[in-house]
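We did not get these values from a lab; they are worked out from the coordinates using the rules stated. Fair warning: this is a prediction, and the values are worked out from it, not measured in the lab. Methodologically, a virtual Cβ is constructed for each residue, glycine included, from the backbone with ideal geometry; neighbour enumeration extends over all protein chains shown.
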Amino acid sequence: MKKVTNFVSPDAKLGRNVRIWHFAYVGSGTVIGDNVKIGSLAHVDYDVKVGSGTMIEGSVYIPPMSRIGKNVFLGPAAVLTNDPYPPSKKMIGVTIEDGAVIGARAVIKAGVRVGKRAVVAMGAVVTKDVPAGKVVMGVPARVAYTRKEFDAKMKEWENARS
């Protein structure tokens, strides 16, 4: 008996060096770029585009028609939605532009665009577009500071003595 640990649709297109961990799902018509990591229990639905260098952590849900740019980080259990008025007959995906960071357990409403190098904090509920280079947090998510400030805080954290 063949042991099945994940499902990749036969018509999904995977780039070079794509790593898919256990119990993940990649749907029909999905295109995954080079050097993408898809974590355990992630669900990348049909007709999704994922750019090269993107990291999709465990338990992430990416709905149909979503567009994920290059070098994006999607933290554990982040959820993108595709139906602003469920259960409607019309759906729209989420767009996340190059270099964006989506924190763990963030939720992004259908039709929202997260701009280049924007950051969505963990647990944020994003109901409106996120401007490029801004950091949003809270419920509902609001701009807190810039990506430049975020990067400085990260560098300070990484360089701090334990």
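Can you pull the Rg over Rh of the stretch 5-47, Cα-only, Kirkwood? Reported Rg/Rh (Cα atoms, Kirkwood Rh): 0.91.
Note on the chain: with a GNM built from Cα contacts shorter than 10 Å, the maximum mean-square fluctuation among VAL107, VAL18, VAL135 falls on VAL18. Here the spin labels are modelled as points 7 Å beyond Cα on the Cα-Cβ line, and at LYS153 and LYS128 they lie 2.0 nm apart. Comparing ARG117, ARG67, ARG19 in a Gaussian network model of the chain, where Cα atoms under 10 Å apart are tied by springs, the biggest mean-square fluctuation is seen for ARG19. Altogether, the Stokes-Einstein calculation at 37 °C and 0.692 mPa s, with the Kirkwood radius of the stretch 96-157 over Cα pairs as Rh, returns a diffusion coefficient of 294 µm²/s.
Residues of the stretch 93-136 falling in the label zone of TYR145, defined by backbone nitrogen less than 17 Å from a point 7 Å along Cα to beta-carbon, are 101, 103, 118-122, 133-136.
Placing unit charges on the Cβ atoms only, positive for Lys and Arg and negative for Asp and Glu, gives the chain a dipole magnitude near 100 debye about its Cα centre.
Of all DSSP bridge pairs formed entirely within the chain, close to 10 percent run antiparallel.
Each stretch of four or more DSSP H residues adds -39500 (n - 2.57); spread over every residue of the chain, this sum gives -2500 deg cm²/dmol at 222 nm. Between the Cα long axis of helix 147-159 and the first principal axis of the chain there is an angle of about 90°, rounded to the nearest 10.
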